[in-house]
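This report refers to the structure that appears directly beneath it.
What follows is calculated from the coordinates using simple rules that are stated; it is not laboratory data. Here the structure is a predicted model, which means the values were calculated and not measured. So basically every Cβ, Gly included, is an ideal-geometry build from the backbone, and we count neighbours across all protein chains shown.
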Amino acid sequence: MIPKLYIVVPCYNEEEVLPITCEMFLKKLLSLISNKKISDKSKILFIDDGSKDKTWQIITELSKKDPHYAGIAQSRNRGHQAAVLAGLMEAKDKCDITVSIDCDGQDDINAIDEMIEKYSNGAEIVYGVRSSRKKDSFFKRSTAEGFYKVMNKLGTEVVFNHADYRLVSCRVLNEFADFKEVNLFLRGMFPLVGFKSDIVYYERFERVAGKTHYPLKKMLGLAWDGITSLSVKPLHLIIGLGLFVAFLSFIAVIWSVTMQLLGKTVAGWASIISIISFIGGIQLISIGIIGEYIGKIYMEVKHRPRYIISDRTENLKEKQAPKKK
Ligand code: UDP
Ligand code: MG
């Protein structure tokens, strides 16, 4: 059976980029359709993540021009992860497979062919992995690669150098819909769903236009979210640290008592101050880490919706059943 594909594309203030990359996506979709790799009912699904510029207007115009374009709008900006999630959840009952990809042309769109190939060979999730990061600055490359290593050390199963360019079958998405957390870190959550997976290497290019919406602060936020959403290792580390410091303090007590007994008491305020501040520092860090988890629990127990769709392009609106008289 030829699968129906939805390409899920999050967009936030991308009026400069969309008019260029939309053609690229359509060309790819049409070539896959004509090669009988995907059904003609396949679509490019844009998610407008509460943009303040003309992004939604561009999306609605595109959907009127060609039925292969469709779009949904979020009621406000919720961030990249929520936008991708909204798109995947919209797509899951309408198609057989999805590919999520950034809208700025950075991810090599030709990798989709290979992803579909791997899907037809049985993989339900195909992770796009960056073959090189030559185009990234030294700082971005080393911090990003360091992050994947730390994540794996902390016991999470993040695929090395995989971001959010991936093929996911709707069978997997239906199971994934039961992962209800509001703290989203999609690349770490999909490996938890299981099913057969594979990887495809692709090249990462420069943005075709516009500028990044992921400044360092947001990147660090995402990394921290990833760690605390997927791993409780930092809490275990605190216990280890606590035991270690307690051991040191115990030795310090024996030392001071011995010195006292030997009558060699020193003026000693420097050592006292340093021990107190050291322990104080460790305690504050530990409370802070515990606080981060409590904060997450607080957000989770509210069960707030993770995305709210405020609008859809005409071709996505459900046909209303005629009213009974
Ligand atoms: N994006 C989004 N909501 C946001 C920020 C970004 O939907 O709040 C989208 C953006 O339009 C793009 C993708 O997420 O398609 C990746 O963002 P960007 O290219 O700015 O990040 P970078 O590639 O520089 O890490
Ligand atoms: Mg980008």
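Structural remarks
- Sites listed here are GluC sites (Glu not before Pro) in segment 168-250 whose DSSP assignment is loop and whose Cβ has at most 10 other Cβ atoms within 10 Å: E206.
- Protection proxy ranking of 140-153, 100-113, 120-133 - average other beta-carbon atoms within 10 Å, highest first: 100-113, 120-133, 140-153
- Beyond 22 Å in Cα-Cα separation lie the following of the pairs K217/K296; K4/K118; K28/K118; K52/K94: K52/K94.
- Mean-square fluctuations from a GNM of the chain, with a 10 angstrom spring cutoff on Cα atoms, peak among I297, I273, I309 at I273.
- Cα gyration tensor category, rounded, prolate or oblate, for the chain with a/c compared to 1.5: prolate
- Three-way shape call for segment 187-280 based on the alpha-carbon gyration tensor, with the a/c threshold at 1.5: prolate
- In the elastic network of the chain, a GNM with C-alpha springs shorter than 10 Å, the most mobile of H80, H213, H236 is H236.
- Prolate/oblate/rounded call for segment 117-171, Cα gyration tensor, a/c under 1.5 rounded: oblate
- Among complete DSSP H helices in the chain, those whose alpha-carbon atoms stretch at least 18 Å along the helix's long axis and whose mean Kyte-Doolittle hydropathy reaches 1.6 are 233-261.
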